[in-house]
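Report on one structure; see the data block that follows.
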Amino acid sequence: MYFADVGEENLSAAGYVHSESWKESHRGFCSAEFVARHTTEAQTGYLRREMAAGKRIYMLLDPHPVGIVSVWGGLIENLYVLPQEQNRGYGTALLDYAVRHCEGTPTLWILNINQGAYRLYTRKGFHETGNRRQLNT
């Protein structure tokens, strides 16, 4: 298991991880049409824009890509593990890696229905602030 910085040479692999993971995690509460728009190509473009905005994106490989995470200052985002690779410790490894690459106090946000992420983050010492975001789905 090792980490790689995401750049142009491996951006499409990161886009694939993001696409497959995002679609699975949002399938239950977003319209099928909205989910279908999150193709590998679309998510590769999204990650390219995230990098252009200054976010650093890391990919976990074991030996193939299994997950990604982004860091921007102290903000951790885009932590996704391929659906078939979940519950194998990859999310924990990605979170630990991201925390080490944060500036200042690490922060993150999760979907209020993502109980698995909530358990992981609270187990790792994150605390709920009560702040809420409205999602456009």
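The values are calculated or read from the model by the stated rules, or taken from the named source; none is laboratory data. The structure displayed is predicted, hence computed values, not measured ones. With ideal geometry, Cβ positions are generated from the backbone for all residues, glycine too; neighbour counts draw on all protein chains shown. Remember, those area values only see protein heavy atoms, side chains included, never the ligands or the DNA or RNA. Shrake-Rupley method; radii C 1.70, N 1.55, O 1.52, S 1.80 Å.
Observations
- Listed by first and then second residue, the pairs with beta-carbon distance under 8 Å, at least 6 apart or on different chains, first residue in segment 21-46 and within 21 Å of Asn114 (Cβ to Cβ) and free of Cβ contacts under 8 Å to residues at least 24 places away in the same chain, second open to solvent by 70 Å² or more (accessible area, probe 1.4 Å) and of a type in the set (Lys, Arg), are Val35/Arg27.
- Against the numbered list (1) open to solvent by less than 40 Å² (accessible area, probe 1.4 Å); (2) out of contact with any helix residue (DSSP H, G or I) (no Cβ under 7 Å at 6 or more places or on another chain), Gly28 comes up short only at (1).
Results for (1) more than 16 Å from Asn10 (Cα to Cα); (2) surrounded by fewer than 22 Cβ atoms within 10 Å (Cβ to Cβ), shown as yes or no for each residue.
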{"position": "Leu47", "(1), (2)": "no, no"}
{"position": "Glu50", "(1), (2)": "no, yes"}
{"position": "Val66", "(1), (2)": "no, no"}
{"position": "Gly74", "(1), (2)": "yes, yes"}
{"position": "Gln86", "(1), (2)": "yes, yes"}
{"position": "Gly89", "(1), (2)": "yes, yes"}
{"position": "His101", "(1), (2)": "yes, yes"}
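- Of all residues in segment 117-137, those that are open to solvent by 40 Å² or more (accessible area, probe 1.4 Å) and at pLDDT below 80 total 14.
- Residues (at pLDDT below 95 and more than 16 Å from Arg123 (Cα to Cα)) located in segment 81-102: Gln86
- Residues in segment 9-24 that are open to solvent by 50 Å² or more (accessible area, probe 1.4 Å) and hydroxyl-bearing (Ser, Thr, Tyr): 2 in all.
- Among all positions in segment 105-116, there is no residue which is open to solvent by 80 Å² or more (accessible area, probe 1.4 Å), free of Cβ contacts under 8 Å to residues at least 24 places away in the same chain, closer than 21 Å to Met51 by Cβ and within 16 Å of the chain's Cα centre (by Cα).
- Test for Ile57: is it of a type outside the set (Ser, Thr, Tyr) and open to solvent by 40 Å² or more (accessible area, probe 1.4 Å): no
- Residue within segment 11-18 that is over 25 Å from Gly116 (Cα atoms), in a helix (DSSP H, G or I) and out of contact with any Lys or Arg (no Cβ under 9 Å at 6 or more places or on another chain) present: yes
- Here Asp62, Asp96 are screened, and the one residue that is touching a residue at least 40 places away in the same chain (Cβ under 8 Å) and closer than 27 Å to Ala4 by Cβ is Asp62.
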